[in-house]
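What follows is a single structure, written as structure tokens, with notes after it.
The values are calculated or read from the model by the stated rules, or taken from the named source; none is laboratory data. In this text the structure is predicted, and so the values were computed from the model without any measurement. Cβ sites come from the backbone with ideal geometry, for glycine too, and all protein chains shown count toward neighbours. Ligands, DNA and RNA are excluded from the accessible area calculation, which covers all protein heavy atoms including side chains. Shrake-Rupley method; radii C 1.70, N 1.55, O 1.52, S 1.80 Å.
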Amino acid sequence: MDEMIFFDTLRHGLWVSVVISTPILAAALVSGIAVGLFQALTSIQEMTLTFVPKLAAIVAVFWASMGFMSETLRSYFADTLVPIIVGM
């Protein structure tokens, strides 16, 4: 395998992982900031208050974007990795 093909495939795979993880990480960031702001405004320092809403937001976004994630991975494998493995 040519070095250029290897690094291009690696770069594309890393980009696909960034694109797939962005919705979940954005949901965790937004819910974390909202809960942190709520805690700062009300002076409630409960540890489970930060964990439960963030987990619920992550699960909801994961469930909502599961089709997008699986289609992105499927297209990456079908268009990039399978032709390399087969030798096309």
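Helix 66-76: angle to the longest alpha-carbon principal axis of the chain, degrees 0 to 90, nearest 10? Roughly 20 degrees, rounded to the nearest 10.
Protein heavy-atom accessible surface, 1.4 Å probe, per residue over the chain: 74 Å². In degrees from 0 to 90, rounded to the nearest 10, what is the angle of the helix 3-42 Cα long axis to the longest principal axis of the chain? Long axis of 3-42 versus the principal axis of the chain: about 10 degrees.
Relative protection proxy for 64-76, 40-52, from highest mean packing down: 64-76, 40-52 (other beta-carbon atoms within 10 angstrom). Between 0 and 90 degrees, the angle of helix 47-64 with respect to the longest Cα principal axis of the chain falls at about 40 degrees. Within the accessible surface of the chain, defined with a 1.4 Å probe on protein heavy atoms only, the carbon and sulfur portion equals 76 percent. Taking 0.36 nm per residue of separation and subtracting the current Cα-Cα distance, fully stretching the chain between Ser75 and Met47 would add 6.0 nm. The alpha-carbon atoms of the chain define a convex hull whose volume equals 102 cubic angstrom per residue.
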